[in-house]
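The values are calculated or read from the model by the stated rules, or taken from the named source; none is laboratory data. This one's a predicted model, so the numbers in the text were calculated from it and none came from an experiment. Because the Cβ atoms are built from the backbone with ideal geometry, glycine has one as well, and the counts that use them run over all protein chains shown.
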């Protein structure tokens, strides 16, 4: 049985790496001084970047004086340069800003020259996915497995996301999905400049030039990537995974970390993709069930409902149409990359693996994609229910310990 599994795994690995157009055969002694270029370029985006480095014995050396040329459909359209703004975002060195935009169907190529080295890569930009609809809902105490190899289920309140995609051609298409959450809070101010802080529920005085009888926004819209979302029952996304029934074997450790999928299951048709996003309140943005008002000095003149903060909650789903090269690269990372069960190669039966590359004359990846984005609101300008704060309960049952320690509030 073990020999049969090994044979299956061997030929599966060969099939994956057969899609790699360019391999560089090197020995461990020759792994320094290789020009490495990496870029994930999206159609319609003027904020694309290419990273240029040269491999070293311990760490890569980032190159700031390379010549980076963008060509579209065989015509040179831009020579990219190091953008000083990249330092503001913490991107570091060796990053070149691509300003020019391109469209689905374009043949995009990046050529990098440094010294006597020349490396290039790119591809045909896929057409965007057809995102037809999105639906959001909330469910309580939903059982799920954190990883495919987990034996026990975990329970959590979940936000469900249903996205319907359509396929309209007869060619294989490859996709990658990302989900983002965005929250907004706006808080009313009364005519005297008082408002209730939505994080602490304390009454606060506004000492700015913001007009009264208006709204004060608590910061900007907070948007964050939903890295952990789950889809164990979804036939499209889970088709990239192999689930464990208990004892782990070499064939039962594939997790779809990078949320890739193909249109094999809905060719010339459509599919609804289901994802479960755990509801966590990291940023204090999620609308609470109740709100209180701590108005010890009786400064408020309006009704309690007037001071309720308005909450809006979005889900944004990005569907990237990616090339076959990128799909197989991410497929390998799903099983051996960061976050994979066999990330520690000492535990893997295969040991270290060779990643596919679509760069000629060097190493790295230049991937091109197109994007279809769709969003919906779970609630908009919604207010929690007011609940009167019981001052007597806290005054009678709690006291403050004047001697500072880790348990200042004692019951």
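When 135, 191, 186 are checked against the criterion of being in a strand (DSSP E or B), in the same structural domain as residue 310 (by TED's automatic domain parsing) and over 23 Å from the mean Cα position of the chain (by Cα), a single residue qualifies: 186. Checking each residue in the range 197-253 for being part of a strand (DSSP E or B) and either more than 30 Å from the chain's Cα centre (by Cα) or at pLDDT 65 or above (or both) picks out 202, 203, 204, 205, 215, 216, 222, 223, 224, 225, 230.
Which is at pLDDT 85 or above, surrounded by 13 or more Cβ atoms within 10 Å (Cβ to Cβ) and under 26 Å from residue 176 (Cα atoms), of 66, 43, 80?
43
Can you pull out every residue in the range 140-181 that is part of a strand (DSSP E or B), touching a residue at least 40 places away in the same chain (Cβ under 8 Å) and more than 21 Å from the chain's Cα centre (by Cα)? 142, 166, listed by residue number.
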